[in-house]
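Right, one structure below, let's go through it.
The values are calculated or read from the model by the stated rules, or taken from the named source; none is laboratory data. Keep in mind it's a predicted model, so treat the numbers as computed, not measured. Cβ placement follows ideal geometry from the backbone for every residue including glycine, while neighbour counts extend to all protein chains displayed.
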């Protein structure tokens, strides 16, 4: 059966059904590679924006990984000119990594796109991810041994850096997007890496394409059931965390020990996963076996400290504390960071630092540095009961020959110098949707 195309009316319905929210006279950033998926998105969204008296900025990311990259950039440039839409080309320059290339290129792409949109005050980014992408991600995670929430695929909507990332085609098959391009006589380009079997996603895609009709139906039904089950788990998890978890803006979490142990074992695992991912700034949770061992230790030991997922778990009589492991910060954030005025930095994947008036440097704390400046902070850290094990996990900010430790320093002094620091991990504790 040939899949039908997506017309203007159905696209309007999709946006309403997915509860897409936009400002008056919306300005939307569209991620366009030049393939049929993103060109279908650009064509349909361009029609919608005309009716809404809005505009778009097409963002094309040149990874500079293949010899065809420049030709693809030129193709997108010509298509945008034909439609009369603005184009911004971003590039990944410099030496490329030799391992985890696909993941690192994706991370770099999202980072640059998000930074650009924040600077231009664009609040919505749209991508053309579709159902085939979701099934591939689901199956890859399943084969890697992920369970429950770890099997969640690509979200339809999420928030990063105060931006709405929206994927209207998340329930739509790729074939429908291809047919939409065909009926409107839109040519597209094919990325050669999409047929390179050295990549895991390509191997998974070929496997799914080789499934029989009934096998495909079984996979799709399993994917949809997992999404529905996980939605229930997430709601229950969010309710538990809101009621029983305390958060301190310097990156510490404190959980009621008794309430944790009264939960089911599966829920205990999910609770710890969520806290540890948010606390560490790491996007990957620890393995279930490690978490079950930790839960067993919490149940049968009154007090102890445990290192897991780049965090320290400090188990007390009535509570369990979580904070960043200093040794991991030394390993991954030891290089001094420079922040120019009117710029931002995500330090240690946890703290969002913005400076408007001054150039800053940001570095890790050491015992030697702390001994030199601790008198200045004595009242603050004693009154807030913040011990050095946590203090040294905070960024040491230097500007105008001054030292500043966020959350220990009087907040007004930072604001007077137009410096803002907030805890802002890659993975939020609870889902943040508009």
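So here's what we get for this one:
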read-out: Selected residue [in contact with a strand residue (DSSP E or B) (Cβ under 9 Å, 6 or more places away or on another chain), in a loop (DSSP other than H, G, I, E, B) and under 19 Å from residue 190 (Cα atoms)] from 38, 33; value: 33
read-out: Among (1) surrounded by fewer than 21 Cβ atoms within 10 Å (Cβ to Cβ); (2) within 29 Å of residue 230 (Cβ to Cβ), the one test that residue 302 misses; value: (2)
read-out: Residues that are within 28 Å of residue 76 (Cβ to Cβ), over 25 Å from the mean Cα position of the chain (by Cα) and assigned to a helix (DSSP H, G or I), drawn from the stretch 178-228; value: 178, 179, 180, 181, 182, 183, 192, 195, 206, 208, 209
read-out: Subset of the stretch 66-91 [in contact with a strand residue (DSSP E or B) (Cβ under 7 Å, 6 or more places away or on another chain) and assigned to a loop (DSSP other than H, G, I, E, B)]; value: 85
read-out: Filtered residues of the stretch 283-299 (kept if outside any helix (DSSP H, G or I) and surrounded by fewer than 21 Cβ atoms within 10 Å (Cβ to Cβ)); value: 283, 284, 286, 287
read-out: Residue satisfying condition, being part of a loop (DSSP other than H, G, I, E, B), touching a strand residue (DSSP E or B) at 6+ places or on another chain (Cβ under 9 Å) and touching a residue at least 40 places away in the same chain (Cβ under 8 Å), within set 122, 159; value: 122
read-out: Residue check, residue 162 over 24 Å from residue 101 (Cα atoms), at pLDDT below 90, in the same structural domain as residue 15 (by TED's automatic domain parsing) and loosely packed, with under 14 Cβ neighbours inside 10 Å; value: yes
read-out: Hits in the stretch 237-269 - residues which are under 13 Å from residue 294 (Cβ atoms) and buried (at least 17 other Cβ atoms within 10 Å of the Cβ); value: 255, 257, 260, 268, 269
read-out: Residue check for residue 59: out of contact with any strand residue (DSSP E or B) (no Cβ under 9 Å at 6 or more places or on another chain) and either part of a loop (DSSP other than H, G, I, E, B) or outside the structural domain of residue 268 (by TED's automatic domain parsing) (or both); value: no
read-out: Index of the failed condition, residue 154 passing every other in (1) more than 30 Å from residue 347 (Cβ to Cβ); (2) in contact with a helix residue (DSSP H, G or I) (Cβ under 7 Å, 6 or more places away or on another chain); (3) part of a loop (DSSP other than H, G, I, E, B); value: (1)
read-out: Index of the failed condition, residue 3 passing every other in (1) exposed (fewer than 15 other Cβ atoms within 10 Å of the Cβ); (2) in the same structural domain as residue 170 (by TED's automatic domain parsing); value: (2)
read-out: Within the stretch 387-410, considering residues that are part of a helix (DSSP H, G or I) and within 28 Å of the chain's Cα centre (by Cα), the one surrounded by the fewest Cβ atoms within 10 Å (Cβ to Cβ); value: 389
read-out: Test: residue in the stretch 329-338 that is more than 22 Å from residue 366 (Cα to Cα) and surrounded by fewer than 18 Cβ atoms within 10 Å (Cβ to Cβ); value: no
read-out: Qualifying positions in the stretch 339-350 - within 17 Å of residue 428 (Cα to Cα) and buried (at least 19 other Cβ atoms within 10 Å of the Cβ); value: 347, 348, 350
read-out: Filter result for residue 260 (assigned to a helix (DSSP H, G or I), more than 20 Å from the chain's Cα centre (by Cα) and modelled with pLDDT of 95 or more); value: yes
read-out: Of all residues in the stretch 63-73 being surrounded by 14 or more Cβ atoms within 10 Å (Cβ to Cβ) and over 12 Å from residue 191 (Cβ atoms), the one that is nearest to the chain's Cα centre (by Cα); value: 64
